[in-house]
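The values are calculated or read from the model by the stated rules, or taken from the named source; none is laboratory data. Just so we're clear, the structure is a prediction, and the values are computed from it rather than from any experiment. Here the Cβ positions follow ideal geometry from the backbone for every residue, glycine too, while neighbour counts run over all protein chains shown. We work out accessible area using only protein heavy atoms, side chains counted, and drop any ligands, DNA or RNA first. Shrake-Rupley method; radii C 1.70, N 1.55, O 1.52, S 1.80 Å.
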Amino acid sequence: MSKLGNLGARLHRGEISYDFIGKRKIWYGLSILITITAIVGLAVRGLNMGIEFQGGAVFTTPTKMSTSVGQAERYAAEASGHEAIVQKLGNGSLRIQIAGIETDQSDKIKQELAKDLKLDPEKLAADLVGPSWGEQVANKAWEGLAIFMVLVVIYLAIAFEWRMAVAALVALIHDITITTGIYALVGFEVTPGTVIGLLTILGYSLYDTVVVFDSLKEQTKDITKQTRFTYSDIANRSINGTLVRSINTTVVALLPVAGLLFIGGGFLGAGTLNDISLSLFVGLAAGAYSSIFIATPLVADLKEREPAMKALTKRVLAKRAQAGTDGALADAGADDDTDDAAPAVVGPRNQPASRTRGRGRTSGKRR
C-alpha cells in the first residue's frame, strides 16, 4: 500500500487525526482575510467585462500577419478611440476586440483599421455584439445562480438538516467571492465561458461538502446515547476520514485545468482558454478548502448551540475529568506503594499492627 493510501486508511480508522474543528477560529480568520482581499479587489479594480457583456466589435485578420500585437493595439485605439484587446491566434492571425462602441461605428473603424494593417477591408472579418445581448447573458447568469442556490438549500435541508444547508450556502458564497475577486486582481476578461466555469465549480464544491456531511450524518446517529464523543469530536473524525479522498478528487480535477491555464493559456498563448480555466482552477481549490475548513466547522458551531448538544458536551467533559482524576489517583497510589520511606498508613490499615503489639521484644516477661 502506498504511503498516501496508508495515511488515508489510518485517518479513516481514527488512528491519527488533525484537529480541524479545534482550530476553526484560525480557518475563519484566514477565510475572512481572503474574502476581504477579494472584495477590495472587486471594489478597487472591478471586473474586466468582456465584449459579450459590454457590446462592441471583434475584428479578425487573415493568417500570417506581420503586424505585432502592440502595433495592432495602437492602430485599433487610434481608429476607435477606445482601448483594444489584441490576441495572436495559433494560425498567426490577430483577434482585435474593441468594447464599448456602437454598431454603426464599426464600418468606419474597419476601414481605418484595414488601412493601417495594409489589408483589403473585405479580408478583415468583423463580428458585432450589441450591449443588449450582453445584458441578457448577465441576467440569465444571475438567474441561474439564484436558482442553483435555492435548490441546493432545499435539497440539503431535506437530505440532511437546515444547519448543513446554511453551512453549504456560506461555503458556496465564499467560493464565488474568492473566484471573482481573483479575476478582478488578475485582470482576466470575464466572458460567458467564465460564467460557465463559475457554475461548474459550484457543483465540485458542493460534492466535496456533501461527502463530509454524509459521513457526519452517519456517525452522529444516536449521538446523545453515548458519553465518549462530543459533536465536534465526531465532526473532526468525519473530516479526517474523508480528507485523503477529498484531496485525491481535487488534485485529479485540478491537473487538466492547470494544463489548460498554464500551458494552453500561458505557454501556447491560447488566451481564450483563460476565460474558463482560471475560474475552474481557483474555484476547485477554494471549494476543497471551504468544504474542510468552513462548512463542517460551521455545522459543528451551529449544532453545539443546541440544548441537547450542550448537555452532551457537559456530560462528556465531566466523564473525561473524572477519568483524569481517577487516573491521577491511581498513579499516586502506585507511587506510594513503591516508596520505601513512606509513613505507615493510618486508620483501619493500622489495626493488624496492633494485634502483634508486644511481639519481637528482646527482653522482659510476657504479659
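Observations on the structure shown:
- Looking across region 219-245, the residues that are of a type in the set (S, T, N, Q), assigned to a loop (DSSP other than H, G, I, E, B) and either touching a Lys or Arg at 6+ places or on another chain (Cβ under 6 Å) or surrounded by 14 or more Cβ atoms within 10 Å (Cβ to Cβ) (or both) come down to THR220, THR227, THR230.
- The set of residues from region 140-163 being within 20 Å of LEU198 (Cβ to Cβ) and of a type in the set (Phe, Trp, Tyr) comprises TRP142, PHE148, TYR155.
- Among the residues of region 102-122, the ones that are under 22 Å from GLY50 (Cβ atoms), in contact with a Leu (Cβ under 9 Å, 6 or more places away or on another chain) and not hydroxyl-bearing (Ser, Thr, Tyr) come to 2 in all.
- When GLU83, GLU135, GLU78 are checked against the criterion of being open to solvent by 30 Å² or more (accessible area, probe 1.4 Å), farther than 26 Å from GLY193 by Cα and not small (Gly, Ala, Ser), a single residue qualifies: GLU78.
- Residue in region 183-194 that is among the acidic types (Asp, Glu), modelled with pLDDT of 85 or more and either touching a Gly at 6+ places or on another chain (Cβ under 7 Å) or farther than 16 Å from GLY283 by Cβ (or both) present: no
- Any chance LYS319 is closer than 30 Å to PHE213 by Cβ, modelled with pLDDT of 50 or more, open to solvent by 30 Å² or more (accessible area, probe 1.4 Å) and within 43 Å of the chain's Cα centre (by Cα): yes
- Tallying residues that are in contact with a strand residue (DSSP E or B) (Cβ under 6 Å, 6 or more places away or on another chain) and hydroxyl-bearing (Ser, Thr, Tyr) within region 56-92 yields 3.
- Residue satisfying all of: in region 10-41; of a type in the set (A, V, I, L, M) and modelled with pLDDT under 90; least open to solvent (accessible area, probe 1.4 Å) among these: LEU11
- When residues in region 256-282 are screened for being in a loop (DSSP other than H, G, I, E, B) and either modelled with pLDDT of 85 or more or under 18 Å from PRO192 (Cβ atoms) (or both), 1 of them pass.
- Test: ALA57 is part of a helix (DSSP H, G or I) and either touching a residue at least 24 places away in the same chain (Cβ under 8 Å) or of a type in the set (Val, Ile, Thr) (or both): no
- Positions within region 86-130 being part of a helix (DSSP H, G or I), open to solvent by 90 Å² or more (accessible area, probe 1.4 Å) and more than 21 Å from THR63 (Cα to Cα), in sequence order: ASP104, ASP107, LYS108
- Considering (1) under 30 Å from THR191 (Cα atoms); (2) at pLDDT 90 or above, the lone condition that ALA300 does not fulfil carries the number (1).
- Search result, residues across region 139-160 that are under 15 Å from LEU206 (Cα atoms) and either acidic (Asp, Glu) or not in a helix (DSSP H, G or I) (or both): PHE160
- Residue satisfying all of: in region 71-85; in contact (Cβ under 8 Å) with a residue 12 or more places away in the chain and assigned to a helix (DSSP H, G or I); nearest to GLU102 (Cα to Cα) among these: SER80
- Which numbered condition ASN248 fails, given (1) open to solvent by 30 Å² or more (accessible area, probe 1.4 Å); (2) within 30 Å of ALA43 (Cβ to Cβ); (3) among the polar types (S, T, N, Q): (2)
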